[in-house]
Amino acid sequence: MRKHSSKNRYHRHHVKVLKSEVMSPRIAWFNFLDFLKSLTKFAIIIGILLAIGYGVREAIRYTFHQNPDFNLQSIRLNDNDVMDESGLVEHLGIDLSGNIFDFDTSAMERKLLEIPAIHAVKIERELPGTMVFHLSTRQPQAWIACPEEGLMTTRNQDQLLVDQSGFIYPCPQRQLEQAVHLPLIHVKADSKHPIQAGITLKHPEYRRCTYLLNSFRDIFPNDLQIIETVYQINPWSINLTTRSKTTATFGLDDHNRQLEYFSQALHHAQKKGYEIETINLIPKQNIPITIRGEEAPPRAIPVGDSPATNNDESRRKNDLQSLLNRN
């Protein structure tokens, strides 16, 4: 065993001597030269790649960016109700003598989306020299007003519109003609639900009013223009005023039945040649009605009741009550 251990010690000592002999300055110098050669090859490869990249870039620049064939020749914009071509050029500051490949389409899209009335934008280049713009615009469903916050109750350019999703935005000039016929929703000031452009409105009164408007739109899709204002008057009812100054009171639900009664009452009054001042559609029977011009307070006349006096107003209300109570 001792002899074997001595041989092991001798072997380790011999390896150390060989290592020290191998790591001579001459060998280290040659190793360093090999490293320099490898580094030089790597640098040459990198240089070649950079040269190729530069050449490609210059080729692209001369082929596309400095090629007069690709100068801007026309702008094509889809039909929309927010912006025309001249407004587009002005808003984006487009250089009409520029090259279409010099335009940063991503930056253009972001700038167009800063306009609240624009919902989505897609910009494409069409060779040789056309820029194609497609704008998706927001479609308004109503005006929104909050007099307590100084928001006007008029229908004018830059007053606030709200689309179907509840997004608020100022009315652009090109939407005013169609928007002027839309209803006006009044809401009370609520610090938790501010009324301002560029946000999606979560105001509870707004949601209840739009629920009624959506029901109206579903039943009478072509008659929305008869509505002047909609506003919640208390925790259980909503007032809808028509452009002919009839005020109808609705509940927070059961709108289909109430709207059907409302439609019948208006048609009956029109047929008989008088106007309804107020109508409360929440009751299912004996609906309170007042007729424009009468001085008596509103009262419900059930079917079969004889009017207290034989005047026109009482007879008209009796006829209308009979009509509605039959449903």
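Starting from the Cα of residue 192, step 7 Å along the direction of its Cβ; do the same at residue 244; then give the gap between the two resulting points in nm.
Computed distance between label sites residue 192 and residue 244 equals 4.0 nm.
Stokes-Einstein at 25 °C, 0.890 mPa s, Kirkwood radius from Cα pairs: D for region 152-305 in µm² s⁻¹?
Rounded, D is 146 µm²/s.
Which far-off residues, 5 or more places away or on another chain, put their amide H under 5 Å from the one on residue 98, with H placed in the peptide plane?
Hits under the 5 Å cutoff: 72.
Using the crude model of +1 on Lys and Arg Cβ and -1 on Asp and Glu Cβ, and no other charge, please compute the dipole size for region 64-126 relative to its Cα centre, in debye to 20.
With Lys and Arg at +1 and Asp and Glu at -1, about 160 debye.
Within region 62-203, how many lysine pairs that are 8 or more places apart, or on different chains, have C-alpha atoms less than 28 Å apart?
On the way: 111/122; 111/202; 188/202; 192/202.
Close lysine pairs under the 28 Å cut-off: 4.
What percentages, rounded to whole numbers, describe P(r) for region 68-137 computed over all alpha carbon pairs with 10 Å bin width beginning at zero?
Taking every Cα pair in region 68-137, the percentages come to 21, 59, 19, 1.
So which trypsin sites (Lys or Arg not before Pro) in region 189-277 pass both tests, a DSSP loop state and at most 15 other Cβ atoms within 10 Å of the Cβ?
Listed in order of number, the matching sites are 192, 202, 243, 245.
For a test of the definition: using alpha carbon positions, the gyration tensor, and the 1.5 limit on a/c, classify region 138-225 as rounded, prolate or oblate.
Details: a/c = 1.73, a/b = 1.16, b/c = 1.49.
Here region 138-225 falls in the oblate category.
Stokes-Einstein at 10 °C, 1.306 mPa s, Kirkwood radius from Cα pairs: D for region 212-264 in µm² s⁻¹?
142 µm²/s
Coordinate-derived values only; no laboratory data. It should be emphasised that the depicted structure is a prediction, and the values quoted were computed from it without experimental measurement. Virtual Cβ from ideal backbone geometry, glycine too; neighbours counted across all protein chains shown.
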